[in-house]
Each structure stands twice: as C-alpha cells, then as structure tokens.
Amino acid sequence: MSRKKRFQQKSSSVLPTNRNSPIRVSLPKTTEFQKANNSMTDNLTYINVAIALPVYNTYTYAVPESLSLFAVTGKRVLVPFRKRRVTGYILNKSEKIDRKEIKLILDVLDDEPLFSSSMIPFFMWIADYYIHPVGEVIKCALPGGLNIYDYITISISKKGEKALEKNLTAAAEKEILSLLKEGAFRQKDLGRKLKKDVPSALVYSMKGRGLVERKRVLRGGGTKPLMERYVSLKSSASSFKKLSVPKKKIIDILNSEGEISVKNLKALVPTAPRLIKALEQGGYISIFHKRAYRDPFGDAIEADDDLLLTNEQKSAVSAVASCLGKGYATYLLAGVTGSGKTEVYMQLAAKAIKCGYSVLILIPEIALISQMERRFRARFGERVAILHSGLSAGERYDQWMRIARKEVKIAIGARSAIFSPFSDVGLIIVDEEHDTSYKQEGSLRYNARDLAVVRAKLGGSIALLGSATPSIQSYYNVKTKKFIELNLKNRVEKRPLPEIKIVDLRESRDKRGIRRFITPQLYEGMSQALNHGEQVLLFLNRRGFASFPVCGTCGEAVRCKNCDISLTLHQRSNAYKCHYCGFTMASASNCRTCGSSNIKHLGFGTEKVEAAVADLFPDARVKRMDRDTTIRKGSIVKLLKDLRKGNTDMLVGTQMVTKGHDFPNITLVGIICADLSLNFPDFRAGERTFQLLAQVAGRAGRGDIPGRVILQTYNPGHFSIIAAKDQDFKTFYKNEIGFRKALNYPPFSRMVQIKISGKSKEKTKRYAETLGDLCKSVQKSDISFSKFLEILGPIEASLPRIAGKYRWQILLKGMSVKPLHQFVRRILFEKKTNFNDRYVKVVVDVDPFFMM
C-alpha cells in the first residue's frame, strides 16, 4: 500500500470526533496532511493566527469545512509551523491570500473562546508598544499550562543497543547510549544529565550511523477543566424494595436533591462510591460528569453592607459615578493612609454593576489580595473572581473561565489580572498605583498600571488609580491635565495621622550588637505598646540574618559563585544564600579564598531583627513576614489572620508589610533603617524611599488609639525623609520633579533599556560594544534620531554578573514614543544580522523600572 493511501485511511484521526476531547497526538506530517486535503480547498475558510512563539508576524491558515463551525475568535488551534506543530490563537477571519499553498490547521483545542474579540486591539497595542510578539503576549495573558507544542526526543535504536552491548562505540557515544537506555531525552536534557555539552554534530553522526533515533513528540496542555462525577435518578426506575438500606438511602437523597455530586453524596452515605456502580447497572441511576470549579477562596465570609461615607468619599464616588458609561477618563485618587479608599472602590463597583458593567481591580501584592477579596466577597458574594500567580494552574484556569463565561462581574488580582477576559469592563481600579510590583520583569515586560489606562481608553471606560503616595508619573499626568485629581485628605472617623519621630542613627554608630539598630527611643516605644496590649510593626527592607559575611582572616567577603555580590546568612536554614540566583552554601563553610573558618557575620536583616526583639521581649509573640516565611501556599493568609485575631504581638517584615494592610491594633511602627533604598544607582531611588516610608508609617493608628512611628535614619536631612515624616507628598513632588526635569528623566522623556547578557565575559563585552556602535551609527543616519534621541552606554550593569551571566546595558532616552520605538525596531529588525550571536541574549525593556 502506498504511503499516501495509508495516510488517507488514517487522516480521519486528525479531526476531533468528540468536541469535549479534541485529539492532540499521533498527527501525521504536515506536508502529507496538505496533500490529502487538496480536494477540500473550495470549502475552506481562512483565519489569522498568532503563534505562541517569539515570531512577530501573524499568519493565515485554512480551516477545513469539518472544523469551520468551531474555529472562532479567542480559541486555540494546533497548527503546523515550519517543521513543528504548535499552539496558535485565532484573532479573526481572513480573506484568502494569493498563495499557492496555505497550510491547514490541525485541530481546534477549545470548546469555547478563552477571550473575546474586544480584547484583540488590546493585545495588538501591547505587542506594538512593548515590541513583543503578539502570540507571546496572548500566551502571557492566558492561564499557564494550556499550550501544546512538540519537540524532538532522542532515543536509543536496536542497532545502538547492540553496539553498546558489544562495546563498539567511542567513550562519549557510550555515555550517551547508556543514558538513553533509561528512556528518551531532549538533547538539552542529555547535556544536563551528563553535566557536559552534547554537540549537535555528535548526535547527528550517531543518527546517521543508526545508533539513535530522533522523533517529534507532542506535549503540553496539562491544564484542563475539572470534571466531577454526578448521579441522578432515572425516570424509568421502578421497584426499590429489594435494595439494601444504604442503597435506599441513596435513592431517597436523589428523590430529594434531583442530582448530586458523588463527593457530596459520600458525605451523606460513606459507602456511596462503591454502591453507585451497582445501582447504575440495575437501571436505577445515571452516573455522568459535570464541569466543576476548584475553590481558591477557603473560608466563607459574612455579608456586610455599605458603610456611611465621609463628605470627601461622597465627592469622589459622585465624580467618578457620573462619568460611568460616558467614555474614557482616568482619575487619580490621592488619599492619605486610612482615608477609606477601599470603601470608595466598593461603592463605585456597585454603581458600575448596576449600570451593566464589569469591574476589574488590580492589587500590587498577593498578600493584599486576601484582604481585598474578603471585603469584596462580603459585599458582592459569588460575583467575585480572583486571578494571581499564587493559585494553582487549575484554579487560575477555572477563575479565568468564570470571567469568560460572564458568571462573575468583578475580578480582583495582581498585575496579570489586567488581562481578565471581560468583554464589558466599565471600571478599572488600580490600588496602590505607585507600586513597582505592577512592572513585570519576565519575557513580556509590561506595566499593569499603564495597561489599565490603555485598556480603559480602548474600551471607553473609567480608570481609577488610587494611592496615598502617587507616582511622580501619575501626578505629572494630573498636572498636564491627562488625569483628573480626586483627594481624600483626612482619615475616616476623624482619626489623626500617626506622629512620626526621626531618630538619628549616627548617634548609635559606635554601639555594638542590638543597640546599633534598636535605639533607646524605639525600645521604649515597643515596651509601652506591648504593656498596653497593643501591636508593633517593625520594618526593614532586607531579609536574612547577616547581609555581609566576611572572612576575619583575609578580609574577603563570602561571595556567590554565580553573581558579583556577597551572600546573605540565613540562620534558620543554616545556609548562606544568594538573593539573585538562589545559590546556597552551608553556613559551616570556610572562606573560599584562604580556607579560614573565622567568618564574621556583619550587617543585618529581618531574621536578625526577629531574633533580637525575641530576646528583648521574651514574652512577646514575634512573627516575621518576608519572602522566606511566605513561600508555602496559605502562609501569608495565616500570618495576617494571626495578626488580625491578636495572636501576634510584634510583626517584623520587609516591604510586604508596607502595602495597604489594615490592622487597627497596630499603634507603633518602627522603621529600623530608612536609608537602604536611598543609595541605589537609580533615578527613582528618592521616590521609592519616600513611598516606602510614608506607606509603612500609615500602618500605625488605624483604630481608635492614635499611632506613633519611630523612623531611624543616617540621613535625617534628606528631603525624601523629611517629606515622609511630614507625610507631605506635594512638597516631595516639587523637589523631585525639579531634578527629573534638569536631567531629562521621566516623566520629561521616555526610556528604553537594552539589556545584554552572556556567559562569556569577553564575548558579552564585544557584543555590547558592537551594538553600541550600531546604535550610534543608526542615530547619525536619521535627523529625527540625532535630534530627539540620547544614547547612554554601553556600560556594565551595576551588578556586572548575575546567575553566571555577564551583564551590560544601553539606555535610550527620547522626547516622544514614536521616534524612540522606531529606532529600537530598526536596530532589532533591520540591522539584526549585524549582531546575531547565539551565546549572547538581548532583551528590550520599554519604560524600565529596575536599572540595576
């Protein structure tokens, strides 16, 4: 039988016969598939597809008639792409293009769309602005674990097995064949297992001699709907007299309930899972599957009602509500800490829902989502969904589909929630809009706050940005009339702002041990608060026990072997850890330079502060909240719950404790060292310091008892410190905006950072210099570039090596977006042959936040 005839007999297996279970494996080669379907070309429709790979174009594919009803915008399709089969996303229908051969899609992977057509302009805008492939944008937006892809595996052949047995191979080949006897591997996994590079030439040589086989395998698509077993009574069922007592109980329950999940039935009849099969075989009941949702919420919440608003809150709600449904606008709600911004959000959400709109709420940290979610669920019940990376892949998928199916009206989440698949968003709220956590540092380097404004503009809806310490950028937009300012100048119930006292750490510079960072003023304040049954919050934006371990013999710092930075001692883990690459070393290790065991543990972090205050106040219940203590799922919620219930007397934490938490019994906030972020090589260092200090100070005195703040600093005269003490954002803005204008930094310019990294120090340096020369050459070639564009660098990054990669950067500044982005595109796409190098990676970061 010919190869073509064999394929034609099998070709029906390519198309799904059951829409609930699309076929995703054992697909024939693309070219054969095309030939077998040439006769169908008159009945084809055409679609534009974004490929989930780093390719910048979209592609036209043909859809066979048997799949045309299923191929709609927002669904995933499996498509042939070059020599691979990959996931793509249907953007829209297309006219047939003038090409002899348009490839057919292989399958439609979804029963219902994952996103609506209204989201496509948003995706396209993101791809254009952030200079990122649109397929990768959509992949980033969707829940993880959905996509199907293929890759090449290498396995040992029968000839290879014989050669291995008879010892007929070279040493390197023998190593590879011995490993392949365990099973098939990808080539890069072979190298990892053998802990050495496996040259492609060697693999191809072994394949050519028949020692190994290379196959393409489909993988992925692990995230799927949760299907739960249900049972119901058959209408044809008659006599139940011969049934046992437990079986009769099941029948009675089904008579009462109609249908019930096996899980719930088991709670009523423990032996039910064992009995229902016999009942089905006897014709009494039907067993079937229904889609269920994985519950990410946990405890039930008691309902509450709207609170009585202050005059300032009423004014803010009225101003925004009057514009709902009347087109785009962005408001900046500048409200002091404790002024009731969350109640404003909830009452505006209620008004938006009443008008028929959905509401999207962004929160900067997962730790804050629990608090916000509880308050919104108490007010809006089951109409709330949550989206964030702390959910399992299945939970995130379920929440996404609840939104896509319009089963909820409110979505609350961290930055990725900006992609929530609502088709009718009327209000987008960004809480703590100044927070740098809204900037994504992964492959798609977007800013969720900025995307909230863009999505509102594209959808003709309202964006509401809220903060006690607005970003310089947002307040500048108020000053230039792009945003509308709303103010909440007073705390609710006329509570006073906390009294802030500055303590000069230079006076305790010569002291040793605990007294260097727990000053007498702070100790006295902590004692008073604890004696009155109040809670204390201590803030230090540095985790670990000792941040600068150094050899007492030779003076060398204990450094990371992969990064140009010292390790931090984590006493509870008995290890030195790198906070950049994750490298660890036992705390008993000797100096790698001289071999001495005399390691001095200088510096401090939250772990040392926790231990110190536990020694000072042995009866106090002290907890720590930083990345080390919140890794496990549910740990954040438990910490916050203990604080809310009064089971914690003192909380020590990093910046995780500064944002939006509302605990009425915290009356004292101690800022251990206010200067840690001031000296960063970053033009935003002053802004971040002011925001951190003002925010953490705002955690004090949110109940009936007035709050106090002890702010310890080595720079008591710095304008950021003084403005934070006075909680005076506008004075800080006036000082900071002058520096920005003088140096032409944002908001007076736009920036793009080109990040260059590679494993070879010399290759990375040469590459960066070549790219820098190319940038300068392109700049000179166009008057708009030479007039409006500034090139800084190339220069080594502040941290020259991280995770074994040497790092350089080029900073581009422009007066407007268009010429700046045109310049970057010309470098990336028109001149890319000038600097292609597989060993050096280039990343483009539009509107960069982290300059290290």
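Looking at (1) crowded, with 16+ Cβ neighbours inside 10 Å; (2) modelled with pLDDT of 80 or more, find the lone condition where Pro296 falls short.
Every condition holds for Pro296 apart from (2).
Of all residues in region 649-677, which are of a type in the set (A, V, I, L, M) and either open to solvent by 20 Å² or more (accessible area, probe 1.4 Å) or in a helix (DSSP H, G or I) (or both)? Walk me through it before giving the result.
Let us first name the residues in region 649-677 that are of a type in the set (A, V, I, L, M), namely 650-652, 656-657, 666, 668-669, 671-672, 674, 676.
Of everything in region 649-677, those that are of a type in the set (A, V, I, L, M) and either open to solvent by 20 Å² or more (accessible area, probe 1.4 Å) or in a helix (DSSP H, G or I) (or both) turn out to be Met656, Val657, Leu676.
Taking Ile705 as meeting all but one of (1) without any contact (Cβ under 8 Å) to a residue 40 or more places away in the chain; (2) closer than 30 Å to Thr337 by Cα; (3) surrounded by fewer than 20 Cβ atoms within 10 Å (Cβ to Cβ), write down the number of the exception.
Ile705 satisfies every listed condition except (1).
Do you know which of the residues in region 161-200 that are over 23 Å from Asp150 (Cβ atoms) and among the small types (Gly, Ala, Ser) is least open to solvent (accessible area, probe 1.4 Å)?
Selected residue: Ala163.
Can you work out which of the residues in region 320-368 that are polar (S, T, N, Q) and in a strand (DSSP E or B) is nearest to the chain's Cα centre (by Cα)? Let's see the steps before the verdict.
Within region 320-368, the subset polar (S, T, N, Q) is 322, 330, 337, 339, 342, 347, 358.
Next, from what is left, pick out any that are in a strand (DSSP E or B): 330, 358.
On the way: Thr330: 24, Ser358: 22 Å.
Taking the candidates together, the pick is Ser358.
If a residue has to be assigned to a loop (DSSP other than H, G, I, E, B), out of contact with any Ser or Thr (no Cβ under 6 Å at 6 or more places or on another chain), in contact (Cβ under 8 Å) with a residue 60 or more places away in the chain and over 18 Å from Glu95 (Cβ atoms) to count, how many in region 41-73 make the cut? Quick ask: steps written out before the conclusion?
Let us first name the residues in region 41-73 that are assigned to a loop (DSSP other than H, G, I, E, B), namely 44, 52-58, 64, 68-73.
Add one more test, that the residue is out of contact with any Ser or Thr (no Cβ under 6 Å at 6 or more places or on another chain), and what stays is 44, 53-58, 64, 69-72.
Narrowing further to those that are in contact (Cβ under 8 Å) with a residue 60 or more places away in the chain: 44, 53-56, 58.
Subsequent filtering for residues that are over 18 Å from Glu95 (Cβ atoms) retains 53-56.
Residues meeting the conditions: 4.
Just the residues that are open to solvent by less than 90 Å² (accessible area, probe 1.4 Å), over 17 Å from Ile791 (Cβ atoms) and modelled with pLDDT of 90 or more, please, taken from region 818-842.
Selection gives Val840 alone.
Tell me which of these Asn264 doesn't satisfy, since it passes every other one: (1) open to solvent by 60 Å² or more (accessible area, probe 1.4 Å); (2) touching a residue at least 12 places away in the same chain (Cβ under 8 Å).
(2)
Look through Asp305, Asp252 and report the one residue that is at negative phi and either of a type in the set (Lys, Arg) or outside any helix (DSSP H, G or I) (or both).
Details: Asp252 fails: either of a type in the set (Lys, Arg) or outside any helix (DSSP H, G or I) (or both).
None of the others qualify; the one that does is Asp305.
Please find, within region 407-438, the residue that is surrounded by the most Cβ atoms within 10 Å (Cβ to Cβ) out of those that are over 26 Å from Glu136 (Cα atoms) and acidic (Asp, Glu).
Among those residues, the one meeting the criterion is Glu432.
When you scan region 374-392, do you find a residue that is in a helix (DSSP H, G or I), at pLDDT 95 or above and either within 12 Å of the chain's Cα centre (by Cα) or surrounded by fewer than 20 Cβ atoms within 10 Å (Cβ to Cβ) (or both), even just one?
First, the residues of region 374-392 that are in a helix (DSSP H, G or I): 374-383.
Within this subset, residues satisfying the condition of being at pLDDT 95 or above are none.
No.
Pairs please, first residue from region 113-127 and over 17 Å from Trp400 (Cβ atoms), second anywhere and open to solvent by less than 20 Å² (accessible area, probe 1.4 Å) and assigned to a helix (DSSP H, G or I), Cβ atoms under 7 Å, 6+ apart in sequence or on different chains.
Going by the 7 Å Cβ cut-off, the qualifying pairs are Met124/Val134; Ile126/Val137; Ile126/Leu451; Ala127/Val134; Ala127/Val137.
Please identify the pairs in which a residue from region 725-754 that is on the phi > 0 side of the Ramachandran plot has its Cβ atom under 8 Å from the Cβ atom of a residue that is hydrophobic (A, V, I, L, M, F, W, C) and assigned to a loop (DSSP other than H, G, I, E, B), counting only partners at least 6 apart or on another chain.
Listed by first residue and then by second, the contacts come to Gln727/Val336; Gln727/Leu497.
From the list Pro549, Pro498, pick out the single residue that is in contact with a His (Cβ under 8 Å, 6 or more places away or on another chain) and surrounded by 14 or more Cβ atoms within 10 Å (Cβ to Cβ).
Pro549
The values are calculated or read from the model by the stated rules, or taken from the named source; none is laboratory data. Computed from a predicted structure; not experimentally measured. Positions of Cβ are generated from backbone atoms using ideal geometry, with glycine treated the same way; all protein chains shown enter the neighbour counts. The accessibility values were calculated without ligands, DNA or RNA, using every heavy atom of the protein model including side chains. Shrake-Rupley method; radii C 1.70, N 1.55, O 1.52, S 1.80 Å.
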